[in-house]
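The values are calculated or read from the model by the stated rules, or taken from the named source; none is laboratory data. Quick caveat, the model's predicted, so the values are computed rather than measured. Neighbour counts run over all protein chains shown; Cβ positions are idealised from the backbone, glycine included.
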Amino acid sequence: MNKAGERLFNGLIKENPTFVLMLGMCPTLAVTTSAMNGLGMGLTTAVVLALSNMIISVLRGIIPNRVRIPAFIVIIASFVTVVQLLLEAYIPALNTALGMYIPLIVVNCIILGRAESYAYFNGPIPSLFDGIGMGLGFTFALTCIGAVREILGAGKIFDIQIMPDSYTPIGIFVLAPGAFFVLAALTAFQNFLKNRRARAGKPYEKIQSGCSEDCMNCSDKGCSKRFYDDSKSKVEEKAKETTDKKEAVETKTEKIEEAEEEKELEVVDLEKEDK
């Protein structure tokens with residue numbers, strides 16, 4: 001699988017931000033009252049995530065490490081503003097439905113997490129596809145949750161009536177607790193698959209946990225749970241080598257100075273003896 005395909009698969013399946021990593025819970029639980037709202041929120045976040053990832057990757061060489069988080073927020077906020085203005089102009093109904101959750105994309109932990117763990121250490125194209133993959137995974141999760149809630153709570157999906165007239169909607173699913181019920185059911189299903197694979201002796205670490213948590217030996221450089229990064233380790237190793245060399249030079253200089261002092265003392269002693 002090529003790099004772009006790997007990043008797409010990673011975001012959609014292996015490290016789905018909602019179903020696997022459990023990130024972005026605020027918009028997930030708040031706006032998924034319908035499939036359309038979930039789709040709209042997911043695609044809005046996906047656009048911001050993909051573009052901000054790419055720009056952060058392009059500018060990573062000139063963004064000082066100490067101010068990288070404020071720099072990330074400025075870049076993300078710029079794209080969020082553009083997206084919100086476009087929604088106001090062309091899809092005002094969706095903009096009204098999503099409300100305050102569009103500006104809150106700026107501090108969405110998925111976007112900041114991918115910028116910090118992947119885009120800041122990788123090239124523009126892989127970072128772009130990483131953003132697209134994570135964004136599509138987020139969109140898929142929100143649309144699924146919204147669809148289940150809308151079907152059970154209103155008998156519709158995308159505002160199309162699919163349940164018979166005799167169906168009595170379960171009103172709680174279009175209220176706030178409904179999101180918790182649906183997400184809990186999906187999590188329970190993941191746990192069921194995980195336990196079933198464990199009993200069958202098949203690898204199950206990637207299900208729900210997102211990774212094997214063996215960061216030192218992990219080959220997945222874009223994992224959002226990765227605490228060990230090769231780029232950082234190389235910088236640290238180079239700094240350590242420089243420090244070791246400096247200490248070696250200082251030690252050698254001290255030895256030379258001590259030898260010179262000893263020679264001077266010997267010369268003084270010889271002069272005294274001659275006198």
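Miscellaneous remarks
- Residue count for the range 93-149 under the criterion of being more than 12 Å from the chain's Cα centre (by Cα), basic (Lys, Arg) and under 17 Å from residue 17 (Cα atoms): the result is 0.
- Any hit, the range 8-22, residues being part of a helix (DSSP H, G or I) and either of a type in the set (D, E, K, R) or outside the structural domain of residue 115 (by TED's automatic domain parsing) (or both): yes
- Any pair with Cβ under 7 angstrom, 6 or more apart, that starts in the range 231-256 at a residue that is within 30 Å of residue 119 (Cβ to Cβ) and ends at one that is modelled with pLDDT of 75 or more and surrounded by 10 or more Cβ atoms within 10 Å (Cβ to Cβ): 231/121
- Hits in the range 157-174 - residues which are surrounded by 13 or more Cβ atoms within 10 Å (Cβ to Cβ) and touching a residue at least 60 places away in the same chain (Cβ under 8 Å): 157, 158, 174
- Filtered by the rule that a residue be of a type in the set (A, V, I, L, M) and not in a helix (DSSP H, G or I), the range 125-170 gives 157, 160, 162, 163, 170.
- Consider the range 103-125 and keep the residues that are out of contact with any Cys (no Cβ under 9 Å at 6 or more places or on another chain) and small (Gly, Ala, Ser). The one that is surrounded by the most Cβ atoms within 10 Å (Cβ to Cβ) is 119.
- Residue in the range 98-120 that is free of Cβ contacts under 8 Å to residues at least 12 places away in the same chain, more than 20 Å from residue 140 (Cα to Cα) and out of contact with any His (no Cβ under 7 Å at 6 or more places or on another chain) present: yes
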